[in-house]
Amino acid sequence: MQDPHGGNIHAHPVKLDFSANINPLGIPARMLSAVCACADQWAHYPDPACLVLSVALSSQTGYPADHIVCGSGADDLLFRIAGAFRPKTALLAEPCFGEYRRALEAAGCQVLSHKLGKRANFALSDAIFEDLSKKPDMLLLCTPNNPTGRLIDPELLARIAETCAESGILFVLDACFLALTEAHAQELPRTALIVNAFTKSHAIPGLRIGFSLCPDAETAARLRSQGPYWSVSAPAQAAGLAALQEQAYLASARRLIAAERAFLSDALAQLGCQICPSDANFILFQGEPGLAERLLQRGILIRSCANFEGLDETWYRIAVRTHDENLALLDAMHP
């Protein structure tokens, strides 16, 4: 049975994991120290409102603290959004992260699909406005998109946000990978409900800590009404607080990713793969059927994209790792 997501090293004997799009530098030492230092708090319930972390996020993002909702990773927040607003219809630009559809359908929503075209390398275009003219209750986009790695053009993104605001469409924007791109400082539309997390950017998927930046306090209150009361553990809150101090770490990661993404893309093309141009810390490409299974026999896990809407078993996604790890992957891919 195919894993619905990447990173399942528990089900396979894995030496190198390219299936999960995690910062290749690993968890920063300061964050690890912060998690260990809060061990004396583990005998108590964590702060259900994540007040200290929310205030710190407010200082960094410019959003009022009461517009910020923390959760147990982006996945938790996506389910909260779907449960809080229960849209009758929602529009996705596919292929995209499978949890969007799962969260929406769990809330009884009819999911509408805007197909991203292979011929345009899966870039979002003005064609989205035709589907927006049908006025779905919600639009959910991701920049850069997963699994394509494509950023949404800033001018297009602004027009989409404006159209949604004028039409009464709730605009949800997933920015979980943005910190690892050259567009990391991009100002996102304040009318959008933004979902973010430290999972990928700071290499802590096991700690589960994400946050939403809401356009208003009422939206934030609706999200807080959903999900478990103590949704974010004390170690996760400590890690999130420490993560906000890791700007130099993120800058180093972006330099590494940009160089290694170019290296990997060129090497994959030389192996005969079709590459989707990526702005992110991962690459979508088309290759031979059975490649994921062949690599797994060598202890290397990559992400088969066969279960993404609009893709098939010839499409794969790999994370951009360190140079030595990338060399090991390429060596294993040779016949």
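Tabulated data
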quantity	calculated
First in region 39-57 and over 17 Å from V195 (Cα atoms), second anywhere and among the aromatic types (F, W, Y), Cβ under 7 Å, 6 or more apart	Y45/W230; P46/W230; P48/Y229; P48/W230
One residue from A236, A253 being part of a helix (DSSP H, G or I), closer than 30 Å to V55 by Cα and in the same structural domain as L180 (by TED's automatic domain parsing)	A236
Residues (buried (at least 16 other Cβ atoms within 10 Å of the Cβ), of a type outside the set (S, T, N, Q) and touching a helix residue (DSSP H, G or I) at 6+ places or on another chain (Cβ under 9 Å)) located in region 13-41	V14, L16, F18, P24, L25, I27, P28, M31, A34, V35, C38
Members of region 76-98 that are surrounded by fewer than 20 Cβ atoms within 10 Å (Cβ to Cβ) and under 24 Å from R150 (Cβ atoms)	G98
Any hit, region 62-85, residues being charged (D, E, K, R) and on the phi > 0 side of the Ramachandran plot	no
Region 71-100: number of residues that are without any contact (Cβ under 8 Å) to a residue 24 or more places away in the chain and in contact with a strand residue (DSSP E or B) (Cβ under 6 Å, 6 or more places away or on another chain)	0
Single residue of region 192-233 satisfying the filter (closer than 16 Å to S54 by Cα and of a type in the set (S, T, N, Q)) that is surrounded by the most Cβ atoms within 10 Å (Cβ to Cβ)	S212
Hey, L156 touching a residue at least 24 places away in the same chain (Cβ under 8 Å), crowded, with 22+ Cβ neighbours inside 10 Å and aliphatic (A, V, I, L, M) or not	no
Hey, A82 of a type in the set (A, V, I, L, M) and within 23 Å of F198 (Cβ to Cβ) or not	yes
Selection from region 163-191 of residues that are buried (at least 22 other Cβ atoms within 10 Å of the Cβ) and assigned to a strand (DSSP E or B)	F171, V172, L173, D174
Criterion violated by I275 - all others in (1) touching a residue at least 60 places away in the same chain (Cβ under 8 Å); (2) part of a strand (DSSP E or B); (3) touching a helix residue (DSSP H, G or I) at 6+ places or on another chain (Cβ under 7 Å) satisfied	(1)
The lone exception for N196 - which of (1) in contact with a Gly (Cβ under 8 Å, 6 or more places away or on another chain); (2) in contact (Cβ under 8 Å) with a residue 40 or more places away in the chain; (3) part of a loop (DSSP other than H, G, I, E, B) it fails	(3)
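The values are calculated or read from the model by the stated rules, or taken from the named source; none is laboratory data. A quick note: this is a predicted structure, and the numbers were derived from the prediction, not measured. Neighbour counts are summed over all protein chains in view; Cβ atoms, including those assigned to glycine, are modelled from backbone coordinates with ideal geometry.
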